[in-house]
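In what follows, a single structure is set out as structure tokens and then discussed.
The values are calculated or read from the model by the stated rules, or taken from the named source; none is laboratory data. Only a predicted model underlies this, so the values are computations on that prediction, with no experimental measurement involved. All Cβ positions, even for glycine, are placed from backbone atoms using ideal geometry, and neighbour counts span all protein chains on display.
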Protein chains: 2
Amino acid sequence: MNTIKGFRFSTVEAAIKKAGRKDLALIFSEVPATAVAVFTTSTVKAAPVLVSQKHITSGSAQVLVVNSGNANACTGEPGMAAARETVHLVAKGLGISDTAVQVCSTGVIGVQMPMDRVRAAFPAVITGLSSGTLEDVALAIMTTDTFPKLAAKTEQVGGIRYTVAGIAKGAGMIMPNMATMLSFIITDAAVEPGFLDSSFRQAVDRSFNAITVDGDTSTNDTCLLMANGMAGNPRITGGSPEGNSFESALNDVLLSLAKQIVKDGEGATKFVEIRVSGAKNDADAKRAALAIANSSLVKTAFFGQDANWGRIFAAVGYSGAEVDQSLLSLHFDEVCMARNGICAGDDAEERGTAVLKQKEFTVTVDLGIGNSTATVYTSDLTHEYVSINADYRS
Amino acid sequence: MNTIKGFRFSTVEAAIKKAGRKDLALIFSEVPATAVAVFTTSTVKAAPVLVSQKHITSGSAQVLVVNSGNANACTGEPGMAAARETVHLVAKGLGISDTAVQVCSTGVIGVQMPMDRVRAAFPAVITGLSSGTLEDVALAIMTTDTFPKLAAKTEQVGGIRYTVAGIAKGAGMIMPNMATMLSFIITDAAVEPGFLDSSFRQAVDRSFNAITVDGDTSTNDTCLLMANGMAGNPRITGGSPEGNSFESALNDVLLSLAKQIVKDGEGATKFVEIRVSGAKNDADAKRAALAIANSSLVKTAFFGQDANWGRIFAAVGYSGAEVDQSLLSLHFDEVCMARNGICAGDDAEERGTAVLKQKEFTVTVDLGIGNSTATVYTSDLTHEYVSINADYRS
């Protein structure tokens, strides 16, 4: 991982759910950073989401505190008190104001935070800032994830190098708007706040809002971006070559993290890119792509390596997108499975099955009625998904 | 099964997909019957759906021809020709007009109908009308169903007995509006056509449109009702005690069939009734109930007998229904799991787990903000579901 100037990291074992792993972490900027965040659209929001949403309105943040093992969701007023106390412990330990703290939680829903154990983790989690790494934090926020998710990109502006780096956790409950998904992006670039906000939201739409594992949206989803300007570059603004480079780096980092989340989808054995083209408008394109990506029947067929293309047209049919079935075409990678709504030929099945035997492939549906396109990413639905989620808490 | 006057049945082995089972069937009324039907709302409709939709506009039907083993969907103009030819073979064999024939198919999508084998089944399928039963037809339309689905109810009007009987097939792709679901209801009652239509649509809404197995809607869904009047009763009209009895019998038959479909949901081990109360309006109540019923995370928790009630609130949260999380309450049967949005007590988990160990139970969520309610029925998501759908065509 590249160095990102002025950021420090810490992870400790607070034993929030069980002992034996780091589960409480900080990402700290030595100076206040320009910050933007997007949160779950669910109306059932975890306590830390409610607290962080309020703090982010300042447009600035200096530290993130995050725990795994407990989502602090559906915990009522005691949960709010726990989130606020956690914020205050961090603020006090660092000598900053409470509103400069962002707080996130992930884990089981409906169980109160064991605040005695969180309190006991102080001051160790503060003093640990001298030695931690971003990778440590990526490990500490994992729940059913099987690998830590990191991405970074380095760019230059006016001869000065800066880095955009990020981590994420995902696994289950992955669905646009958003997913049980936490993602934290940091950069040492100086970026004009309005441009930071717009480029961040656009990058989120193309990445985290374009992936789906099981169609479930969580109570805790948070994606936070902090830009502390410590690279010392001339401030990046929109509509400039430097702005374009920054946007491109941000898009790359977020898309890389989003794809890692899908690849680590609970029990997933396949990574599938779903492209819909020829839609009447953008909303229809995304609707059709998501209907395919979320169909249990389509996803089990991927797992079974069964070129059952009719299920894909069936999903397009109920998506709500405007469709003329006689104009539909379908490709698995370069293999045409269907055109004009019907089977493309006798050898399509055999050739299509060969594509599905790969670990990664692309499904392209052309609706044939317009010019709009959308791309989403999904995984297959497997025995392992059922096992993981049937036994998650045991 | 009770006798339904003037209806005859036939099933033959046409070997449409493979040999060894009856897969082509007729339901024939000796006189033209008043008929109403609802079809899939998918924009990708199977050829037989397109043909039947046209014929039903006459308000009358005399025979249904149905096959399993091939959905005749995504088959283009050759598929339309196959559906029309099948209709014509039946009409010619019975000496009636083509428009008096309803046609339905279920099975694999995207494969042309083997019309040589369908043709070869004539005249046997016509002559078979002397000996077949409604149970035979229920068996012939099964695909991944593990048992045939039948229901019947007998009522009286003016001292004359009549019967409402029905069969259905379901298993996978079960989702409102509607499901891969065929259901055929017959009655020997004489019923005023407008009242027949309105009571049928209402019964469908409370039954087939209130069940969900995997959230997938199919290309072939059809629910058909034929009333031939051969019981000889005075014609039943709406707003009368006789009308109420008829509606009640129709509701009972459809709800029984719908519940049988859920119980036979692919790989299902649990039957779960989801009740949402206290919603702002009916649409919100149904939205919240369906979000719970369709959540893969909730359904795997049912399979795992894991009283992970937070996932249910999470589903309510993203359903789109108006929610105040501090007012939510949840019961598993009579056990209160959560009230005011938080855990109801230390023993809730143990008592809730005991409920989930049953084969059937009720989940009740009260939103606490209004007076509207909705009830839907669902199953759990199991290893077996994945196996069935990964290997369906092999």
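Among the residues of the range A:49-80, those identified as within 18 Å of B:Arg311 (Cβ to Cβ) and crowded, with 21+ Cβ neighbours inside 10 Å are A:Val49, A:Ser68, A:Gly69, A:Asn70, A:Ala71, A:Asn72, A:Ala73, A:Cys74, A:Thr75, A:Gly79. Which of the residues belonging to the range B:314-325 are buried (at least 23 other Cβ atoms within 10 Å of the Cβ) and in contact (Cβ under 8 Å) with a residue 40 or more places away in the chain? B:Val316, B:Ala321, B:Val323 - these are the residues of the range B:314-325 that are buried (at least 23 other Cβ atoms within 10 Å of the Cβ) and in contact (Cβ under 8 Å) with a residue 40 or more places away in the chain. Residues in the range B:30-67 that are part of a strand (DSSP E or B) and either modelled with pLDDT of 95 or more or within 14 Å of another protein chain (Cβ to nearest Cβ) (or both): 17 in all.
Here the range A:326-348 is the region considered, the condition is being within 9 Å of chain B (Cβ to nearest Cβ) and in contact with a strand residue (DSSP E or B) (Cβ under 9 Å, 6 or more places away or on another chain), and the residue that is surrounded by the fewest Cβ atoms within 10 Å (Cβ to Cβ) is A:Ser326. Taken together, A:Lys45, A:Lys22 contain a single residue that is under 29 Å from B:Leu367 (Cα atoms), in contact (Cβ under 8 Å) with a residue 24 or more places away in the chain and of a type outside the set (Gly, Ala, Ser), which is A:Lys45.
Annotation: A:Ser295 fulfils all but one of (1) of a type outside the set (A, V, I, L, M); (2) within 12 Å of chain B (Cβ to nearest Cβ); (3) under 29 Å from A:Thr144 (Cβ atoms); (4) surrounded by fewer than 24 Cβ atoms within 10 Å (Cβ to Cβ); the unmet one is (4). For the range B:236-246, filtered to residues that are of a type outside the set (A, V, I, L, M, F, W, C) and closer than 16 Å to B:Thr154 by Cα, the residue that is surrounded by the fewest Cβ atoms within 10 Å (Cβ to Cβ) is B:Pro241. With the structure loaded, tell me whether B:Val323 is farther than 30 Å from B:Thr146 by Cα, β-branched (Val, Ile, Thr) and at the interface with chain A (Cβ under 9 Å from one of its Cβ atoms) or whether it fails that test. Considered against the rule, which asks whether it is farther than 30 Å from B:Thr146 by Cα, β-branched (Val, Ile, Thr) and at the interface with chain A (Cβ under 9 Å from one of its Cβ atoms), B:Val323 comes out as yes. Examine the range B:302-313 for a residue that is at the interface with another protein chain (Cβ under 8 Å from one of its Cβ atoms) and within 30 Å of B:Ile167 (Cα to Cα), and state whether such a residue exists. Among the residues of the range B:302-313, at least one is at the interface with another protein chain (Cβ under 8 Å from one of its Cβ atoms) and within 30 Å of B:Ile167 (Cα to Cα), which makes the answer yes. Checking each residue in the range B:248-283 for being assigned to a helix (DSSP H, G or I), over 28 Å from B:Lys357 (Cβ atoms) and of a type in the set (Gly, Ala, Ser) picks out B:Ser248, B:Ala249, B:Ala283.
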